[in-house]
Every structure is written in structure tokens, then in C-alpha cells.
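Single-structure report; data block below.
The values are calculated or read from the model by the stated rules, or taken from the named source; none is laboratory data. These figures come from a predicted structure and were not determined experimentally. All Cβ positions, even for glycine, are placed from backbone atoms using ideal geometry, and neighbour counts span all protein chains on display.
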Amino acid sequence: MTLEKRRHKRFMLDLIEISGRLGLTDKVEINDMSFGGVSLKADRRLNIGKEYLFTLGDKGNRLVVKGTVVRCNLSGIEERYSGERALIYTAGMRFEEGSADKIADFIRNSILA
């Protein structure tokens, strides 16, 4: 039996189309998310302990939240349309305290839209 150590339950984004953006990255893909953080893939290494502004977007709605990277690992290499290869990293980011209500409202509005 596995003990769940997360404060916030993670949920998959299969039913809603929320995208994410980080400055200086070309590609960000959200793996899963909770009201307290996000697991993502990016084409840039994110520095553990550093704060980043993370933009959530859905159907014209946007929410910018601040988060701190808690893990980041090289997870693969992706070939681009131009034939170039890009390193892909999997990272975990914890949103700053007080963001949970804003994120819950954003997701609720995304589901209802």
C-alpha cells in the first residue's frame, strides 16, 4: 500500500484543454496538475529552487501563477520539424501559497466553458 504524501490531489487534464507556458521555452506540456503544483515537460532545463511565472491558458482565458521548481530531470530527446533535436526535461513545480483558489476558479471556469 502506497501512502499519498501530496497535500493536493493531482488530476489529469484529459477532459479539458489547458495549456501551459514558461518564459524562454518553446514547448511546455502539462502531464498532470493539482491546486498546489504541476508536473510538466519542457524543452529547457528548469533550475531547482528557482521561481518561474507559469501561464495557464484555455479558450482565451489566462492565469499567471508563480511556482518554484522542486525537481527537474532529463527525460528524452525530441526531433523538431526543422530536423534539429531538442532535449526534453520533466519537472515538478510547486505553486506559491495562496494560488490554490485562483487555480480552482480557473479550472472550474474551463470545465464550464
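Listed residues Gly60, Gly67, Gly20; which is out of contact with any Pro (no Cβ under 7 Å at 6 or more places or on another chain) and at pLDDT 85 or above? Walk me through how you get there before you give the answer.
Values: Gly60 fails: at pLDDT 85 or above; Gly20 fails: at pLDDT 85 or above.
Being out of contact with any Pro (no Cβ under 7 Å at 6 or more places or on another chain) and at pLDDT 85 or above holds for just one of Gly60, Gly67, Gly20, which is Gly67.
When residues in the range 39-81 are screened for being assigned to a strand (DSSP E or B), among the charged types (D, E, K, R) and closer than 24 Å to Arg108 by Cα, 4 of them pass.
When Glu84, Glu78, Glu97 are screened for being touching a residue at least 12 places away in the same chain (Cβ under 8 Å) and either farther than 21 Å from Gly49 by Cβ or out of contact with any strand residue (DSSP E or B) (no Cβ under 7 Å at 6 or more places or on another chain) (or both), only Glu78 passes.
Within the range 82-113, restricting attention to residues that are of a type in the set (Lys, Arg) and in a strand (DSSP E or B), the residue that is surrounded by the fewest Cβ atoms within 10 Å (Cβ to Cβ) is Arg85. Within the range 48-75, track down each residue that is exposed (fewer than 11 other Cβ atoms within 10 Å of the Cβ) and more than 17 Å from Gly20 (Cβ to Cβ). The answer is Gly49, Asn73, Leu74.
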